[in-house]
Amino acid sequence: MMMTNHPHIHAPLLLGVMGDPIAHSKSPAMHNIALEAAALPGMYVPLHVKPEHLAEAVTGALALGFSGFNVTIPHKVAIMELLDELDESAVQCGAVNTVVIRDGRTKGYNTDGIGYVRSLKEETGELSGKIVTVLGAGGAARGIIYALLKEKVASVTVVNRTLSKADELLNLLNGSQTTLKSATYDELQACLPETDILINTTSVGMHPDVDATPVEAALIPEGIIVSDLIYNPLETRLLREAKARGCKVVGGLGMFVYQGAYAFEYWTGVDAPVSLMHSAVLEAFN
Ligand code: ATR
């Protein structure tokens, strides 16, 4: 086909993910399928960026005409001061996983928390009024609690090994209608019977420590919703034991897919083909 300079024919979209390491990222497979399905010419590439080169990489992406990129470990916090603008999601989560480049300006977003909560909602229904217990008080917990507050859950109890870290996290998130509490693992026995949704954000149970679980099975109330952010393995010991107790379980793969779906929509303005993206990620695992 002949190429023209017709104003409605745009240059191919350049997208990618910056991380260190990056070789095993499933994002390129997921986003290239999405671009193809949406009939958008473009490409999403893995970008191996060392921490000492992050600033140059951002300048480089601008210079090369990228429309945006994802950032992953270890750049999610460091990139914040390198961007022209931050969305409220990035400020509230204290981290960026998605950068949009428009008119030569960079804007950082965080789609991890809203991505997770969207996948939880798809699997379990409305979240407003629910009583939620979150295990862990790190960066992942912060993004998720930010998104849960937007859904108007009734209460969030943050359970952490180091109680002071749970309190620090809750102080960052004040000012909503949701009741916020901190607790230790010793208090789980008292708090779980009241819980509608239990969410693990710690790395306990992640490959290769697949025999580990953050909660003793006997403490999990029958029939509640139990969710794990971990997606390697797809079914953690926590989820397996919860399922055996008649719980509805939600794994972490949906979070990965939906954080990508939101990023795709920010970059392209086009609805993300979510189920195709989901199967592309599953295939990339096998
Ligand atoms: P992320 O960004 O993945 O959330 P992080 O910020 O390092 O990672 O936070 C890790 C979280 O997992 C913390 O809440 C940590 O508990 P502490 O604050 O007490 O360290 C929790 N965590 C990690 N390993 C754990 C373990 N073996 N048992 C219980 N909690 C653990």
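The values are calculated or read from the model by the stated rules, or taken from the named source; none is laboratory data. This one's a predicted model, so the numbers in the text were calculated from it and none came from an experiment. Here the Cβ positions follow ideal geometry from the backbone for every residue, glycine too, while neighbour counts run over all protein chains shown.
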Legend entry - Among (1) in a loop (DSSP other than H, G, I, E, B); (2) among the hydrophobic types (A, V, I, L, M, F, W, C); (3) surrounded by fewer than 23 Cβ atoms within 10 Å (Cβ to Cβ), the one test that residue 281 misses: (1)
Legend entry - Breaking point among (1) hydroxyl-bearing (Ser, Thr, Tyr); (2) under 22 Å from residue 168 (Cα atoms); (3) surrounded by fewer than 14 Cβ atoms within 10 Å (Cβ to Cβ), for residue 89: (3)
Legend entry - Number of the condition not met by residue 232 [criteria: (1) within 19 Å of residue 139 (Cα to Cα); (2) within 16 Å of the ligand (Cβ to nearest atom); (3) modelled with pLDDT of 95 or more]: (3)
Inset, instruction - Starting from segment 140-167, keep only residues that are among the hydroxyl-bearing types (Ser, Thr, Tyr), then list their pairs with residues that are not in a strand (DSSP E or B) whose Cβ atoms are within a distance under 7 Å, requiring at least 6 positions of separation or different chains. - result: 146/92; 146/93; 146/113; 146/173; 155/178; 157/191
Inset, instruction - Being away from the ligand (no atom under 15 Å from the Cβ), surrounded by fewer than 16 Cβ atoms within 10 Å (Cβ to Cβ) and in a loop (DSSP other than H, G, I, E, B) is the filter here, so list the residues in segment 176-227 that pass it. - result: 176, 177, 222, 223
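Quick test for you: out of 154, 137, pick the one residue that is among the aliphatic types (A, V, I, L, M) and more than 25 Å from residue 72 (Cβ to Cβ). Break it down into steps so the answer makes sense when it comes.
On the way: 137 fails: more than 25 Å from residue 72 (Cβ to Cβ).
The match here is 154.
Would you check which residues across segment 134-157 are within 16 Å of the ligand (Cβ to nearest atom), touching a strand residue (DSSP E or B) at 6+ places or on another chain (Cβ under 9 Å) and within 21 Å of residue 90 (Cβ to Cβ) and list them?
Start the filter on segment 134-157 by keeping residues that are within 16 Å of the ligand (Cβ to nearest atom), which leaves 134-148, 156-157.
In the following step, the residues that additionally are touching a strand residue (DSSP E or B) at 6+ places or on another chain (Cβ under 9 Å) were identified as 134-137, 141, 144-145, 148, 156-157.
Answer for segment 134-157, where residues must be within 16 Å of the ligand (Cβ to nearest atom), touching a strand residue (DSSP E or B) at 6+ places or on another chain (Cβ under 9 Å) and within 21 Å of residue 90 (Cβ to Cβ): 134, 136, 137, 141, 144, 145, 148, 156.
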Legend entry - Residue in segment 119-129 that is at pLDDT 95 or above, of a type in the set (Ser, Thr, Tyr) and within 18 Å of the chain's Cα centre (by Cα) present: yes
Legend entry - In segment 158-175, residue farthest from the ligand (Cβ to nearest atom) [restricted to those that are among the polar types (S, T, N, Q) and part of a loop (DSSP other than H, G, I, E, B)]: 174
